[in-house]
Amino acid sequence: MRGFDDRAARARVGCPRLCFVGSADEIPYGERWGGVHVSMAGPVVNRRTELEALGRDVRVLDGLDHTQAVQADRVLPVLRPWLASVTGARRPG
């Protein structure tokens with residue numbers, strides 16, 4: 001994603017976009033994998049204002065790591081209201 005030009009691509013994308021990440025989504029890989037560290041949270045948190053300016057709705061799920069942040073019980077409370085807000089849908093009863 002580092003080389004992806006969001007500004008060039010966004011002109012072709014007309015739908016609403018949601019970006020969510022756990023605030024603790026940091027994955028350190030051991031020596032077997034070259035000792036790399038993958039930070040999902042860092043770029044989203046540090047560039048939140050820029051992402052929002054590019055048309056994304058950003059949600060940071062406090063204290064969650066990658067595995068926790070993709071669980072249905074954590075995602076659906078974020079996704080349902082966001083989808084309702086961008087579609088104008090109301091949740092029944």
Worksheet, complete the sentence: Farthest towards the positive end of the dipole of the chain, among Val70, Ala24, Leu51 and with Cβ unit charges of +1 on Lys and Arg and -1 on Asp and Glu, lies the Cα of Leu51
Discussion item. Under a Cβ-only charge scheme (Lys and Arg +1, Asp and Glu -1), can you give me the dipole magnitude of region 15-87 about the Cα centre, in debye to the nearest 20?
Written reply: 240
Worksheet, complete the sentence: With -39,500 (n - 2.57) per DSSP H segment of 4 or more residues and division by the full residue count of the chain, the 222 nm estimate, nearest 500 deg cm²/dmol, is -10500 deg cm²/dmol
Discussion item. Rounded to the nearest 5, what % of DSSP beta bridges with both residues in the chain are antiparallel?
Written reply: 35
Worksheet item: Which is the longest stretch in the chain that no exposed loop site breaks, taking sites as chymotrypsin sites (Phe, Trp or Tyr not before Pro) with a DSSP loop state and at most 15 other Cβ atoms within 10 Å?
Response: 30-93
Worksheet item: Given just the C-alpha atoms of the chain, how large is their convex hull per residue in cubic angstrom?
Response: 121
Worksheet item: Taking only Cα atoms, what is the 0 to 90° angle, nearest 10, from helix 72-87's long axis to the longest principal axis of the chain?
Response: 40
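Read-outs: derived from the displayed coordinates by stated rules, not from any lab. These figures come from a predicted structure and were not determined experimentally. Using ideal geometry, Cβ is built from the backbone for each residue, glycine included, and neighbour counts are taken over all protein chains shown.
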